[in-house]
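Below is one structure, written out as structure tokens; comments come after it.
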Amino acid sequence: MNGTIITRVADNESHAHFFWLALRCSEIVEGARLYWSNGFHSLGGMAIKMRLIRRFKESLLHKPVVLELSTLQEIELDVRTEIPCCRGFYINVGSKRIGIVATDEGPVLLCNQDKFLLKKDAFRFILQQNEEINTFTFMWKDGVKIQIPYVRSLIRSNGQWIDDYIFDFFAWLYEAAESHRFFAYYTVPGISITELFPDQTIHRVENKLLFA
């Protein structure tokens, strides 16, 4: 496949099984060893406000790693520790930490210190596919905000090599954002965007039809 560009606006119809994978992998852990109450954990009598998301497709062979959203610092957990996290995922790509997290106002896309509140028809994901390299592009307002080339992760399906939408974060995000359920799933009442990102700027759009 040479120079193929796939462009999809966020609220198009999607492949249901890809979105089901997103739902399955984003479930909040129950039965946590740390006590959860009103958004706080209690550990040794000390209350800690948790703002964590999980690293995408973390191997079961390694200790789980989470990202603290207000500081963007990674935390390695003990393998026996189960702790509820916010709905979302992140990955490290070079010097960038990129992720998606649910809030009470909708999905927020993270790129290091930049946070973008996604709204229908107000952004665009582009996945450009070449033989060995994919390029993921995030379009926002006045142009390109994120553009990341990376080595393709391919699987064999029906006699053809296709992108792995299960273990490739960008292909997964690109497909998941198509679903008409994407915004509903990544909108969670009670998860305040200002509490997740205290004293931080959230990029927003006024015109929701930039990419209609």
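The values are calculated or read from the model by the stated rules, or taken from the named source; none is laboratory data. Model, not experiment: these values are computed from the prediction. Positions of Cβ are backbone-derived with ideal geometry, glycine not excepted, and every protein chain shown enters the neighbour counts. SASA here: full protein model, heavy atoms, side chains in, ligands and nucleic acids out. Shrake-Rupley method; radii C 1.70, N 1.55, O 1.52, S 1.80 Å.
Tabulated values for the structure
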quantity	calculated
Some residue of region 107-114 being open to solvent by less than 40 Å² (accessible area, probe 1.4 Å), β-branched (V, I, T) and within 22 Å of G143 (Cα to Cα)	yes
Cβ pairs under 8 Å, 6+ apart, first in region 156-177 and within 15 Å of G99 (Cβ to Cβ), second at pLDDT below 90 and in a helix (DSSP H, G or I)	W172/F18; W172/L21; W172/A22; A176/F18; A176/F19; A176/A22
Lone qualifier among Q129, Q160 - being at pLDDT below 90, among the polar types (S, T, N, Q), farther than 19 Å from N92 by Cα and touching a strand residue (DSSP E or B) at 6+ places or on another chain (Cβ under 6 Å)	Q129
Test result for G99, assigned to a loop (DSSP other than H, G, I, E, B) and closer than 20 Å to H203 by Cα	no
Hits in region 153-179 (condition: open to solvent by 50 Å² or more (accessible area, probe 1.4 Å), assigned to a loop (DSSP other than H, G, I, E, B) and in contact with a Phe, Trp or Tyr (Cβ under 9 Å, 6 or more places away or on another chain))	I166, F167
Residue that is modelled with the lowest pLDDT, among those in region 194-212 that are open to solvent by 50 Å² or more (accessible area, probe 1.4 Å) and under 30 Å from E68 (Cβ atoms)	D199
Check on I191, out of contact with any Lys or Arg (no Cβ under 7 Å at 6 or more places or on another chain), part of a loop (DSSP other than H, G, I, E, B) and either modelled with pLDDT of 90 or more or not aromatic (F, W, Y) (or both)	yes
Residue count for region 115-139, restricted to those that are of a type outside the set (G, A, S), within 27 Å of V188 (Cα to Cα) and surrounded by 16 or more Cβ atoms within 10 Å (Cβ to Cβ)	14
